[in-house]
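First the structure, then my questions, so here it is.
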Amino acid sequence: MTVEATSAGAILFRDTRGRREYLLLKSRPGDWEFPKGGVEGEEELQQTAIREVTEEAGIEDFRLIDGFREEYDYVFEAGGQTIYKTVHLFIARSFEASAELSSEHRDMQWRDYEQALNTITQDGPREIFERAHTYLDDLMVDPEDEEGRRYVV
């Protein structure tokens, strides 16, 4: 039997002394990923992403960044069923300095771009992460700022 499933989550970042860091969670099977989970009931994708960040990272003070949503698909077996899953990822900025490890994960780390890129274990999320990082770079350049880059989101 085949089942289709939809998840949503967020590429969560924080600004630490002018340096962008991304939150990665280590799942029980051992993959490093972003906070994400299944859509519940009539939730919109953005609502699911917000709920999952709060549940899986313990972060409540954050905001989704407008204009970015990408998806990837994968297939896995569970309970004798083939699951076709589509994951929708948004970008979110955390205004909290720390996060809390949920029981769903083994570990969590804030990583800079290069570290995160080398830590993410699946191709789909890694490719979306690269595009998200570029998207944030483009958003966060203030053309009036002669000192260089600064956050404008």
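Does Glu60 count as of a type in the set (D, E, K, R) and under 27 Å from Asp137 (Cβ atoms)? Spell out the reasoning first.
On the way: of a type in the set (D, E, K, R): yes; under 27 Å from Asp137 (Cβ atoms): yes.
Taking the combined requirement at face value, the residue satisfies it.
Also, I was wondering about something else. Mind telling me which of the residues Thr86, Thr121, Thr82 ends up being of a type in the set (Val, Ile, Thr) and either assigned to a helix (DSSP H, G or I) or exposed (fewer than 13 other Cβ atoms within 10 Å of the Cβ) (or both)? Lay out the reasoning, then the answer.
On the way: Thr86 fails: either assigned to a helix (DSSP H, G or I) or exposed (fewer than 13 other Cβ atoms within 10 Å of the Cβ) (or both); Thr121 fails: either assigned to a helix (DSSP H, G or I) or exposed (fewer than 13 other Cβ atoms within 10 Å of the Cβ) (or both).
Exactly one residue qualifies, and that residue is Thr82.
Got a sec? Which strands (runs of 3 or more DSSP E) wholly within the range 2-45 have at least 2 residues that are free of Cβ contacts under 8 Å to residues at least 12 places away in the same chain?
Numbers: elements: 2-16, 19-27, 36-38.
In the range 2-45, no matching strands (runs of 3 or more DSSP E) lie anywhere.
Report whether or not Gln47 is loosely packed, with under 14 Cβ neighbours inside 10 Å, farther than 22 Å from Thr134 by Cβ and more than 12 Å from the chain's Cα centre (by Cα).
On the way: loosely packed, with under 14 Cβ neighbours inside 10 Å: no; farther than 22 Å from Thr134 by Cβ: yes; more than 12 Å from the chain's Cα centre (by Cα): yes.
So Gln47 does not fit the description; no.
For residues that are crowded, with 17+ Cβ neighbours inside 10 Å and among the charged types (D, E, K, R), scanning just the range 20-44, find the one that is farthest from Asp66 (Cα to Cα). Step through it out loud before you land on a result.
We begin by selecting, within the range 20-44, every residue crowded, with 17+ Cβ neighbours inside 10 Å; these are 20-26, 32-37, 39.
Checking the rest, the ones that are also among the charged types (D, E, K, R) come to 20-21, 26, 33, 36.
On the way: Arg20: 18, Glu21: 19, Lys26: 26, Glu33: 21, Lys36: 18 Å.
My answer is Lys26.
What number of residues within the range 50-62 satisfy the criterion of being farther than 20 Å from Trp32 by Cα and either assigned to a loop (DSSP other than H, G, I, E, B) or under 12 Å from the mean Cα position of the chain (by Cα) (or both)? Spell out how you get there, then give the answer.
Of all residues in the range 50-62, those farther than 20 Å from Trp32 by Cα come to 60-62.
Those still in the list that are either assigned to a loop (DSSP other than H, G, I, E, B) or under 12 Å from the mean Cα position of the chain (by Cα) (or both) too: 60-61.
Qualifying residue count, the range 50-62: 2.
What pairs can you find where one residue is in the range 69-89 and in contact (Cβ under 8 Å) with a residue 12 or more places away in the chain, the other is in a strand (DSSP E or B) and acidic (Asp, Glu), and their Cβ atoms are less than 6 Å apart, with a gap of 6+ or different chains?
Once the first residue is in contact (Cβ under 8 Å) with a residue 12 or more places away in the chain and sits in the range 69-89, its partners that are in a strand (DSSP E or B) and acidic (Asp, Glu) give Tyr84/Glu4; Thr86/Glu71; Thr86/Asp73; His88/Glu71; Leu89/Glu70.
If we scan the range 138-145, do we find a residue that is β-branched (Val, Ile, Thr) and at pLDDT 90 or above? Give the derivation first.
The initial filter retains those residues of the range 138-145 that are β-branched (Val, Ile, Thr), namely 141.
Of the ones still in play, those that are also at pLDDT 90 or above are none.
The answer is no, given that none of the residues of the range 138-145 is β-branched (Val, Ile, Thr) and at pLDDT 90 or above.
The values are calculated or read from the model by the stated rules, or taken from the named source; none is laboratory data. Note that the structure is predicted; figures quoted are calculated from it, not measured. Methodologically, a virtual Cβ is constructed for each residue, glycine included, from the backbone with ideal geometry; neighbour enumeration extends over all protein chains shown.
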